[in-house]
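Worksheet: the structure to be examined is printed underneath.
The values are calculated or read from the model by the stated rules, or taken from the named source; none is laboratory data. From a predicted model like this one, the values you see are computed outputs, not experimental measurements. In this analysis, Cβ positions are derived from the backbone assuming ideal geometry, glycine residues included, and neighbour counts consider all displayed protein chains.
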Amino acid sequence: MPARSNRSLVWVATATVAALGFMVTVDLTAEAPVGSGNTSYIDLRTQVSEQAQEHILLEQQISKLEAQLAEYRAASGSQKELRQVLARDERQLASEAGLTSVSGPGITITIQPDAKLGASPAQMALFPQQADQWLDEVVNVLFGNGATAIAINGQRLVGTSSIRLVAVNGIGSVHVNGRPIEQPYVIQAVGNVQQMETGLSVNVLQGYFEAMGEDFIVRAYTSSHGVTVPPYTGPLPGQYAKEGSG
């Protein structure tokens, strides 16, 4: 690779680090607009959790890019070393993008109706109407407390994933990555087991689910291959984009 290309690569990495630093600064100092009084409690909790998670992710990205920048600068005089660095980064990006399976210590959470919990019919009717919001809340708590990879009913969650409640013929169905899933909902999460369990406990999620007549069964697996989260298999951004003929 010509020296000019190497310098361009280093310049791009430097600019990216600077841009992310600016994003974190703006994100930390900007004030959120005052919402309407009708905003639900679960929506507010979700917004706060998402904001905190965004801060963490941006700071992690800056640290990684700074490390990559140092590697690019060190390898800029050798094409072979630079190719090795780029190949390693490609593998790492594929893993971080969720395109490969991940195994490690983790937890599973099983959510399913349980009449023995004693919830009234009105209480039991709440979860089916808000299932997407509650699943999203659990995911945000896990990612904010040490989870590195999460799947729901085998659907890997990545940056472009969505959890939506879709009505079909008047019946609501949860869709993850655009695909319908049914109860029991099984959430698999790889990461810091103790930290994830603490986050779930602090947010009293088991109590909320049981009040709606839903089991919230958490199981911990501490071995090095305790939980395996499958890879993302859905379409990637731009996968179906086609060049215009005009």
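Here is a yes/no grid of residues against (1) farther than 23 Å from P230 by Cα; (2) of a type outside the set (A, V, I, L, M, F, W, C):
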position	(1), (2)
P128	yes, yes
V138	no, no
T160	no, yes
L205	yes, no
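Can you spot a residue in region 191-211 that is surrounded by fewer than 20 Cβ atoms within 10 Å (Cβ to Cβ), in contact with a Ser or Thr (Cβ under 9 Å, 6 or more places away or on another chain) and part of a loop (DSSP other than H, G, I, E, B)?
yes
Residue-wise test of (1) under 16 Å from the mean Cα position of the chain (by Cα); (2) outside the structural domain of Q195 (by TED's automatic domain parsing); (3) in contact (Cβ under 8 Å) with a residue 12 or more places away in the chain; (4) part of a strand (DSSP E or B).
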site	(1), (2), (3), (4)
Q129	no, no, yes, no
D132	yes, no, yes, no
D136	yes, no, yes, no
N140	yes, no, yes, no
G159	yes, no, yes, no
R164	yes, no, yes, yes
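Just to be sure, is N145 closer than 16 Å to I107 by Cβ, in a loop (DSSP other than H, G, I, E, B) and either touching a Phe, Trp or Tyr at 6+ places or on another chain (Cβ under 6 Å) or in contact (Cβ under 8 Å) with a residue 12 or more places away in the chain (or both)?
Answer is yes for this residue.
So which residues in region 221-246 are of a type outside the set (S, T, N, Q) and either loosely packed, with under 15 Cβ neighbours inside 10 Å or at pLDDT below 60 (or both)?
H225, P235, L236, P237, G238, Y240, A241, K242, E243, G244, G246, listed by residue number.
Out of R156, R164, report the one residue that is surrounded by fewer than 17 Cβ atoms within 10 Å (Cβ to Cβ) and not aliphatic (A, V, I, L, M).
Being surrounded by fewer than 17 Cβ atoms within 10 Å (Cβ to Cβ) and not aliphatic (A, V, I, L, M) holds for just one of R156, R164, which is R164.
Within region 170-184, is there a residue that is surrounded by fewer than 16 Cβ atoms within 10 Å (Cβ to Cβ), part of a strand (DSSP E or B) and touching a His at 6+ places or on another chain (Cβ under 9 Å)?
no
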